[in-house]
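Report on the structure given below.
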Amino acid sequence: MSTVDSRAVGRGALAGLLLIVPLTALRAVLDHDVAHFDRSGWVPLFAIALFLAYVIAGVIAGRRTPDAPLSNGLLAGIGAFLLWLPLRVLIWAARGESQGLFSGSGPVFTAPQLFGQLLFAAIFGLIGGLIGARQTRATRSVESPLDT
(Lines give C-alpha, C1' and ligand atoms only; values in the text may rest on other atoms or scores of the structure.)
Protein backbone atom coordinates (compact mmCIF):
# COMPACT_ATOMS: atom_id res chain seq x y z
CA MET A 1 0.00 0.00 0.00
CA SER A 2 1.36 3.36 -1.04
CA THR A 3 1.40 6.08 1.59
CA VAL A 4 2.41 9.70 1.64
CA ASP A 5 4.68 10.66 4.51
CA SER A 6 4.08 14.35 5.12
CA ARG A 7 7.26 14.70 7.17
CA ALA A 8 9.39 13.21 4.40
CA VAL A 9 7.68 15.38 1.78
CA GLY A 10 8.11 18.45 4.00
CA ARG A 11 11.80 17.78 4.57
CA GLY A 12 12.39 17.21 0.89
CA ALA A 13 10.45 20.33 -0.09
CA LEU A 14 12.32 22.44 2.45
CA ALA A 15 15.68 21.11 1.23
CA GLY A 16 14.66 21.96 -2.33
CA LEU A 17 13.62 25.45 -1.26
CA LEU A 18 16.95 25.96 0.51
CA LEU A 19 18.66 25.27 -2.80
CA ILE A 20 16.26 27.29 -4.96
CA VAL A 21 16.51 30.49 -2.91
CA PRO A 22 20.28 31.02 -3.36
CA LEU A 23 20.01 29.98 -7.01
CA THR A 24 17.32 32.59 -7.55
CA ALA A 25 19.37 35.25 -5.75
CA LEU A 26 22.49 34.44 -7.77
CA ARG A 27 20.49 34.49 -10.99
CA ALA A 28 19.08 37.92 -10.11
CA VAL A 29 22.57 39.29 -9.42
CA LEU A 30 23.94 37.93 -12.69
CA ASP A 31 20.87 39.12 -14.59
CA HIS A 32 21.59 42.62 -13.35
CA ASP A 33 25.34 42.50 -14.16
CA VAL A 34 25.50 40.47 -17.41
CA ALA A 35 24.52 42.16 -20.64
CA HIS A 36 21.89 40.17 -22.56
CA PHE A 37 21.58 37.63 -19.76
CA ASP A 38 18.61 35.87 -21.35
CA ARG A 39 20.74 35.00 -24.38
CA SER A 40 23.84 33.99 -22.41
CA GLY A 41 25.11 30.57 -21.43
CA TRP A 42 24.00 31.18 -17.86
CA VAL A 43 20.35 30.43 -18.52
CA PRO A 44 20.76 26.68 -19.27
CA LEU A 45 23.14 26.35 -16.33
CA PHE A 46 20.56 27.79 -13.94
CA ALA A 47 17.83 25.60 -15.44
CA ILE A 48 19.92 22.48 -14.80
CA ALA A 49 20.69 23.65 -11.26
CA LEU A 50 16.98 24.22 -10.63
CA PHE A 51 16.15 20.73 -11.92
CA LEU A 52 18.82 19.30 -9.60
CA ALA A 53 17.20 21.11 -6.66
CA TYR A 54 13.96 19.29 -7.47
CA VAL A 55 15.84 15.98 -7.77
CA ILE A 56 17.47 16.53 -4.37
CA ALA A 57 14.08 17.31 -2.83
CA GLY A 58 12.82 14.01 -4.26
CA VAL A 59 15.90 12.07 -3.08
CA ILE A 60 15.40 13.25 0.48
CA ALA A 61 11.72 12.29 0.46
CA GLY A 62 12.39 8.99 -1.34
CA ARG A 63 15.10 7.93 1.13
CA ARG A 64 12.74 8.37 4.03
CA THR A 65 9.91 6.46 2.34
CA PRO A 66 11.34 3.49 0.39
CA ASP A 67 7.88 1.88 0.16
CA ALA A 68 6.38 4.86 -1.73
CA PRO A 69 9.35 6.83 -3.08
CA LEU A 70 7.84 8.04 -6.34
CA SER A 71 4.77 9.70 -4.90
CA ASN A 72 6.70 11.23 -2.01
CA GLY A 73 9.51 12.43 -4.29
CA LEU A 74 7.00 13.93 -6.72
CA LEU A 75 5.22 15.76 -3.92
CA ALA A 76 8.52 17.01 -2.47
CA GLY A 77 9.51 18.50 -5.83
CA ILE A 78 6.13 20.17 -6.20
CA GLY A 79 6.31 21.32 -2.58
CA ALA A 80 9.67 23.01 -3.15
CA PHE A 81 8.20 24.90 -6.10
CA LEU A 82 5.07 25.88 -4.18
CA LEU A 83 7.14 27.09 -1.23
CA TRP A 84 9.19 29.26 -3.59
CA LEU A 85 6.16 30.99 -5.17
CA PRO A 86 5.22 33.18 -2.17
CA LEU A 87 8.85 34.21 -1.82
CA ARG A 88 8.92 35.27 -5.46
CA VAL A 89 5.76 37.31 -4.94
CA LEU A 90 7.37 39.01 -1.93
CA ILE A 91 10.48 39.81 -3.99
CA TRP A 92 8.27 41.29 -6.71
CA ALA A 93 6.39 43.40 -4.15
CA ALA A 94 9.57 44.58 -2.40
CA ARG A 95 11.23 45.61 -5.64
CA GLY A 96 8.19 47.59 -6.71
CA GLU A 97 8.74 46.44 -10.27
CA SER A 98 6.79 48.15 -13.00
CA GLN A 99 5.92 44.83 -14.61
CA GLY A 100 2.72 43.14 -13.54
CA LEU A 101 2.61 39.97 -11.53
CA PHE A 102 0.28 38.16 -13.96
CA SER A 103 -0.47 40.76 -16.63
CA GLY A 104 1.05 43.60 -18.59
CA SER A 105 4.15 43.51 -20.73
CA GLY A 106 6.61 40.95 -19.40
CA PRO A 107 4.70 39.71 -16.34
CA VAL A 108 6.54 37.89 -13.57
CA PHE A 109 4.30 34.83 -13.93
CA THR A 110 2.42 33.45 -16.91
CA ALA A 111 0.16 30.41 -16.85
CA PRO A 112 2.41 28.39 -19.21
CA GLN A 113 5.50 29.20 -17.11
CA LEU A 114 3.77 28.14 -13.90
CA PHE A 115 2.45 24.96 -15.49
CA GLY A 116 5.86 24.15 -16.96
CA GLN A 117 7.65 24.69 -13.66
CA LEU A 118 5.06 22.58 -11.86
CA LEU A 119 5.57 19.81 -14.39
CA PHE A 120 9.37 19.99 -14.14
CA ALA A 121 9.18 19.99 -10.33
CA ALA A 122 6.96 16.89 -10.40
CA ILE A 123 9.06 14.97 -12.92
CA PHE A 124 12.44 15.75 -11.38
CA GLY A 125 11.09 15.19 -7.87
CA LEU A 126 9.82 11.79 -9.00
CA ILE A 127 13.24 10.92 -10.47
CA GLY A 128 14.81 11.99 -7.18
CA GLY A 129 12.39 9.79 -5.25
CA LEU A 130 13.44 6.82 -7.36
CA ILE A 131 17.13 7.59 -6.79
CA GLY A 132 16.57 7.97 -3.04
CA ALA A 133 14.74 4.65 -2.80
CA ARG A 134 17.51 2.88 -4.70
CA GLN A 135 20.13 4.37 -2.41
CA THR A 136 18.19 3.18 0.63
CA ARG A 137 17.79 -0.33 -0.80
CA ALA A 138 21.49 -0.48 -1.69
CA THR A 139 22.46 0.62 1.80
CA ARG A 140 20.18 -1.99 3.38
CA SER A 141 21.54 -4.77 1.18
CA VAL A 142 25.14 -3.85 2.11
CA GLU A 143 24.31 -3.68 5.81
CA SER A 144 22.52 -7.04 5.90
CA PRO A 145 23.14 -9.05 2.70
CA LEU A 146 21.59 -12.27 4.07
CA ASP A 147 18.24 -10.69 4.93
CA THR A 148 17.20 -10.04 1.31
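The values are calculated or read from the model by the stated rules, or taken from the named source; none is laboratory data. All values derive from a computational prediction rather than experimental measurement. Heads up, the Cβs are rebuilt from the backbone with ideal geometry, glycines too, and the neighbour counts pull from every protein chain shown.
Answer yes or no: is there a residue in segment 105-122 that is in a helix (DSSP H, G or I) and touching a residue at least 60 places away in the same chain (Cβ under 8 Å). Break it down stepwise before answering.
Here is the first cut: in segment 105-122, the ones in a helix (DSSP H, G or I) are 111-122.
After this cut, where a residue has to be touching a residue at least 60 places away in the same chain (Cβ under 8 Å) as well, the list is 120-121.
Yes: segment 105-122 contains one or more residues that are in a helix (DSSP H, G or I) and touching a residue at least 60 places away in the same chain (Cβ under 8 Å).
Scan segment 68-77 residue by residue and report those that are surrounded by fewer than 24 Cβ atoms within 10 Å (Cβ to Cβ) and either part of a helix (DSSP H, G or I) or free of Cβ contacts under 8 Å to residues at least 60 places away in the same chain (or both).
The first filter runs over segment 68-77 and keeps only residues surrounded by fewer than 24 Cβ atoms within 10 Å (Cβ to Cβ), leaving 68, 70-71.
If the condition is that a residue be surrounded by fewer than 24 Cβ atoms within 10 Å (Cβ to Cβ) and either part of a helix (DSSP H, G or I) or free of Cβ contacts under 8 Å to residues at least 60 places away in the same chain (or both), then L70, S71 are the ones that fit.
Taking the criterion of being at pLDDT below 90, in a helix (DSSP H, G or I), of a type in the set (A, V, I, L, M, F, W, C) and more than 18 Å from R27 (Cβ to Cβ), would at least one residue in segment 88-98 satisfy it? Give the derivation first.
First, pick out the residues of segment 88-98 that are at pLDDT below 90: 88-98.
Those left that are additionally in a helix (DSSP H, G or I): 88-95.
Narrowing further to those that are of a type in the set (A, V, I, L, M, F, W, C): 89-94.
When the remaining residues are screened for being more than 18 Å from R27 (Cβ to Cβ), the result is 93.
Yes, segment 88-98 contains a residue that is at pLDDT below 90, in a helix (DSSP H, G or I), of a type in the set (A, V, I, L, M, F, W, C) and more than 18 Å from R27 (Cβ to Cβ).
Taking the options T3, T24, name whichever one is farther than 22 Å from L114 by Cα and out of contact with any helix residue (DSSP H, G or I) (no Cβ under 7 Å at 6 or more places or on another chain). Spell out the reasoning first.
On the way: T24 fails: farther than 22 Å from L114 by Cα.
The conditions single out T3.
Is one or more of the residues making up segment 30-43 aliphatic (A, V, I, L, M), under 17 Å from the mean Cα position of the chain (by Cα) and either outside any loop (DSSP other than H, G, I, E, B) or surrounded by fewer than 16 Cβ atoms within 10 Å (Cβ to Cβ) (or both)? Explain how you work it out, then say what you get.
Residues of segment 30-43 aliphatic (A, V, I, L, M): 30, 34-35, 43.
Cutting the leftovers down to under 17 Å from the mean Cα position of the chain (by Cα) gives us 43.
Retained after the next criterion (residues that are either outside any loop (DSSP other than H, G, I, E, B) or surrounded by fewer than 16 Cβ atoms within 10 Å (Cβ to Cβ) (or both)): 43.
Checking segment 30-43: at least one residue is aliphatic (A, V, I, L, M), under 17 Å from the mean Cα position of the chain (by Cα) and either outside any loop (DSSP other than H, G, I, E, B) or surrounded by fewer than 16 Cβ atoms within 10 Å (Cβ to Cβ) (or both).
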